[in-house]
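A.B. asks: Let me give you the structure first, and then I'll get to my questions.
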Amino acid sequence: MEQLSLFDQNEDLGAPLASRLRPRTLEEFVGQKHLLGEGKMLRQLIEKDQLSSMIFWGPPGVGKTTLARIIARRTRADFIDFSAVTSGIREIRQVMEQAESSRKMGMRTVVFVDEIHRFNKAQQDAFLPFVEKGSILLIGATTENPSFEINAALLSRCRVFVLKELSETEITELLRHALTSPRGYGNQRIRVTEQQLAAIAAFSNGDARTALNTLEMAVLNGEMTAEEIRVTDAVMEQCITRKSLLYDKNGEEHYNLISALHKSMRNSDPDAAVY
């Protein structure tokens, strides 16, 4: 559980590239134009600070946690960052008591729960009465279909926003920004070709974190001279040798892959079916 002030400090220079480059404003955010473009609903809610309880649903690396942190910087409410991985019923009750006290003093509390699908039914139920009476505004982030993983009573009180994979064009834009930003490699001379950036974008499967981690690995293993670091094709080939498919044993992607297999077989495409 973190208060906003903990991640509003200066970035750790030793942090991974993806962490250093985390967008801080809507203007820096890449992708999700269907939600954050000019005049779109979510952008207006954030800009007007008229938030309601919501769920961000999307694959890894598309900006769910980043959006929550942008909201944290813009809202006039108390903001609590809460992890479903490390927190239990006791921690939830402590946060709810704090939020209830704030509500009686006229203050709103926004609670962000990362990996909300990891909470069991009892833990999710602990939020319900406080969401109902407005003690908190809940923002949950999940990679799993909320209809499968979140209690119907809680889900009915939240607006679901679906975040999409980033396009290769958006990933390439992000990589170029990493090479020029002072928070990335802007203070170093990195030689990397457009073809290499395109290869990373294709490899990343729409995941910004994967793309930035791959770029960082390529730079760290590049040929270093007094003037520059050059990313070679040989290094790049090692960094992108194997692409991982998104898969979950019992959730949405399990059925998506079954559907893809069936369609490939019906289309008499053996290569696609084996893949």
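A.B. asks: Right, Ile55: aliphatic (A, V, I, L, M) and touching a Lys or Arg at 6+ places or on another chain (Cβ under 9 Å) or not?
C.D. replies: yes
A.B. asks: How many residues, within the stretch 73-90, are part of a helix (DSSP H, G or I) and more than 13 Å from Leu26 (Cβ to Cβ)?
C.D. replies: 2
A.B. asks: Of all the residues that make up the stretch 149-195, how many are within 20 Å of the chain's Cα centre (by Cα), farther than 28 Å from Ala226 by Cα and not aliphatic (A, V, I, L, M)?
C.D. replies: Residues flagged as within 20 Å of the chain's Cα centre (by Cα), farther than 28 Å from Ala226 by Cα and not aliphatic (A, V, I, L, M) within the stretch 149-195 amount to 10.
A.B. asks: Which of the residues that make up the stretch 100-123 are part of a helix (DSSP H, G or I) and buried (at least 23 other Cβ atoms within 10 Å of the Cβ)?
C.D. replies: Ile116
A.B. asks: Still on this structure: Starting from the stretch 185-204, keep only residues that are farther than 15 Å from Thr172 by Cα and modelled with pLDDT under 95, then list their pairs with residues that are open to solvent by 30 Å² or more (accessible area, probe 1.4 Å) and β-branched (Val, Ile, Thr) whose Cβ atoms are within a distance under 9 Å, requiring at least 6 positions of separation or different chains.
C.D. replies: Filtered contacts from the stretch 185-204: Gly186/Thr180.
A.B. asks: Since Ala211 meets every condition but one in (1) surrounded by fewer than 21 Cβ atoms within 10 Å (Cβ to Cβ); (2) of a type outside the set (Phe, Trp, Tyr); (3) touching a residue at least 12 places away in the same chain (Cβ under 8 Å), which condition does it not meet?
C.D. replies: Unmet condition: (1).
A.B. asks: Moving on to the next point. How many of the residues making up the stretch 151-165 are out of contact with any helix residue (DSSP H, G or I) (no Cβ under 6 Å at 6 or more places or on another chain), in a loop (DSSP other than H, G, I, E, B), open to solvent by 40 Å² or more (accessible area, probe 1.4 Å) and over 20 Å from Gly31 (Cα atoms)?
C.D. replies: Of the residues in that region, 1 qualify.
A.B. asks: Find all pairs meeting these conditions: Cβ atoms under 7 angstrom apart; at least six residues apart or on different chains; first residue within the stretch 144-166 and in contact (Cβ under 8 Å) with a residue 60 or more places away in the chain and over 21 Å from Asn205 (Cβ atoms); second residue assigned to a loop (DSSP other than H, G, I, E, B) and not hydroxyl-bearing (Ser, Thr, Tyr).
C.D. replies: Phe148/Gly251
A.B. asks: Can I ask one more? Take Arg230 and tell me if it is surrounded by fewer than 15 Cβ atoms within 10 Å (Cβ to Cβ) and either in contact with a His (Cβ under 7 Å, 6 or more places away or on another chain) or basic (Lys, Arg) (or both). Full working, then the answer.
C.D. replies: Working: surrounded by fewer than 15 Cβ atoms within 10 Å (Cβ to Cβ): no; either in contact with a His (Cβ under 7 Å, 6 or more places away or on another chain) or basic (Lys, Arg) (or both): yes.
For Arg230, the condition - surrounded by fewer than 15 Cβ atoms within 10 Å (Cβ to Cβ) and either in contact with a His (Cβ under 7 Å, 6 or more places away or on another chain) or basic (Lys, Arg) (or both) - is not met.
A.B. asks: Please find, among Ala141, Ala178, the residue that is touching a Gly at 6+ places or on another chain (Cβ under 6 Å) and at pLDDT 90 or above.
C.D. replies: One residue alone meets the criteria, Ala178.
A.B. asks: Follow-up question, since we're still on this one. Look through the stretch 251-275, keep the residues that are charged (D, E, K, R) and modelled with pLDDT of 70 or more, and return whichever of them is surrounded by the fewest Cβ atoms within 10 Å (Cβ to Cβ). Give the derivation first.
C.D. replies: The initial filter retains those residues of the stretch 251-275 that are charged (D, E, K, R), namely 252-253, 263, 266, 269, 271.
So of that shortlist, the ones also modelled with pLDDT of 70 or more come out as 263, 266, 269, 271.
On the way: Lys263: 12, Arg266: 9, Asp269: 12, Asp271: 7.
Applying the filter and picking the extreme gives Asp271.
A.B. asks: Can you say whether Ile92 is touching a helix residue (DSSP H, G or I) at 6+ places or on another chain (Cβ under 6 Å) and of a type in the set (A, V, I, L, M), as far as the supplied structure shows? Before the answer, list the steps.
C.D. replies: Details: touching a helix residue (DSSP H, G or I) at 6+ places or on another chain (Cβ under 6 Å): yes; of a type in the set (A, V, I, L, M): yes.
Yes, satisfied.
A.B. asks: Based on what the data block shows, is Gly140 closer than 30 Å to Ile229 by Cα and crowded, with 18+ Cβ neighbours inside 10 Å?
C.D. replies: Against the criterion (closer than 30 Å to Ile229 by Cα and crowded, with 18+ Cβ neighbours inside 10 Å), Gly140 does not qualify.
The values are calculated or read from the model by the stated rules, or taken from the named source; none is laboratory data. Fair warning: this is a prediction, and the values are worked out from it, not measured in the lab. Quick reminder, even Gly has a Cβ in these numbers, built from the backbone with ideal geometry, and neighbours come from all protein chains shown. Ligands, DNA and RNA are stripped out before the accessible areas are found, and what is left, the full protein with its side chains, is counted by its heavy atoms. Shrake-Rupley method; radii C 1.70, N 1.55, O 1.52, S 1.80 Å.
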